[in-house]
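Let me begin by presenting the structure, written as structure tokens, before commenting on it.
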């Protein structure tokens, strides 16, 4: 069964966990035991039934009505598995949000229709980060329509308020859709709502399914193995992040570029002829290996990623920028010799901003590393184009490598 990752974004309290809880119930993915446990917990807290409690399994999350970390929940629709990644909406948990959203192929943004909620700074920031991470298909679910008596004008006002910003940050309007829903009541989530007859589109899950079918896989098919280290007996352990490897073929170990032969491939304890993308493999290689294998990349002989010490980055700033910067890339830390900031972008407006980078800004920068590494643009191979930035050992940013 085909699996598609759906990043669920939005400001805190706009209903992400409630939506997933409701979808789990409506599609039969939540067990009766899980539903009953959530009902009983709601009752003990003196509340009406909270579908979010099906998802927010930690007591502290329930009491504080917030999701602390990314949560994954899966439903099935028309032969496709839709894996929802529920990311935290609180500003102080933005690092967790980026980590979760980076795996999404389609983004669903929740915006509350309640008059005192609506479009917030964090709403736009989540949109900006999603686009920065290469997500190009977006569904905006205007939630809590029950709180405004399913008023069409409230839905249209939010749509008008977001469309210009969505286009300004690079989404193609042909890949963007808006849908009104009530996650709490399950209106327009799986089936068309009789309370919003003015809405002529499809319900949310069907829209997600259609977008997921059209989502372009980021993998190119070229062999890329991220090496994690060595095992007893001289085996090389790694994960195939793109392409496939066959026993007997010649491969290159980067950054040095040494050519070696694949003698055997082991997956889950069994020797196989071919290892495919997604497999964790143990390889027996014939030839001269680098002394330190961790952090190297194995590729095909004729289709190698770029090996360079100069890279252009797009960074979401989570800490102070300074001179003592380093990047964590493919499991290893590499000091930066030079960091040159090219542009600073306000992530709530998408506009350029003068002055040095501030917390939660986006930055485009050229970085010179202390050593050469194999890299690729995030849009080509995400695992070779994603990094974490540190300043004096403190977390300072997370982002992607631009092509080129």
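The values are calculated or read from the model by the stated rules, or taken from the named source; none is laboratory data. Note that the coordinates shown come from a computational prediction; the quantities given were computed from them, not determined experimentally. For neighbour counting, all protein chains shown are included, and Cβ atoms are generated from backbone atoms with ideal geometry for every residue, glycine included.
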Output the residues belonging to region 139-148 that are within 22 Å of residue 350 (Cβ to Cβ) and surrounded by fewer than 24 Cβ atoms within 10 Å (Cβ to Cβ). 139
When (1) in a helix (DSSP H, G or I); (2) modelled with pLDDT of 90 or more are applied to residue 109, the one that fails is (1)
Quick check, is residue 341 crowded, with 20+ Cβ neighbours inside 10 Å and under 20 Å from residue 308 (Cβ atoms)? no
Candidates 317, 267 - the one that is outside the structural domain of residue 20 (by TED's automatic domain parsing) and within 30 Å of residue 125 (Cα to Cα): 317
If you check residue 295 against the conditions, is it in the same structural domain as residue 245 (by TED's automatic domain parsing) and in contact (Cβ under 8 Å) with a residue 60 or more places away in the chain? yes
Is it the case, given these coordinates, that residue 311 is assigned by TED's automatic domain parsing to the domain that holds residue 327 and surrounded by 13 or more Cβ atoms within 10 Å (Cβ to Cβ)? yes
Within 23 Å of residue 208 (Cβ to Cβ), surrounded by fewer than 21 Cβ atoms within 10 Å (Cβ to Cβ) and modelled with pLDDT of 65 or more: which single residue out of 69, 151, 136, 86 fits that description? 136
Hey, residue 389 within 30 Å of residue 162 (Cβ to Cβ) and free of Cβ contacts under 8 Å to residues at least 60 places away in the same chain or not: no
Take residue 129 and decide whether it is part of a strand (DSSP E or B) and in contact (Cβ under 8 Å) with a residue 60 or more places away in the chain. no
Can you tell me which residue within region 112-123, out of those that are assigned to a loop (DSSP other than H, G, I, E, B) and touching a helix residue (DSSP H, G or I) at 6+ places or on another chain (Cβ under 8 Å), is nearest to residue 80 (Cα to Cα)? 113
Take region 210-255 and flag every residue that is within 30 Å of residue 110 (Cβ to Cβ) and surrounded by 20 or more Cβ atoms within 10 Å (Cβ to Cβ). 211, 212
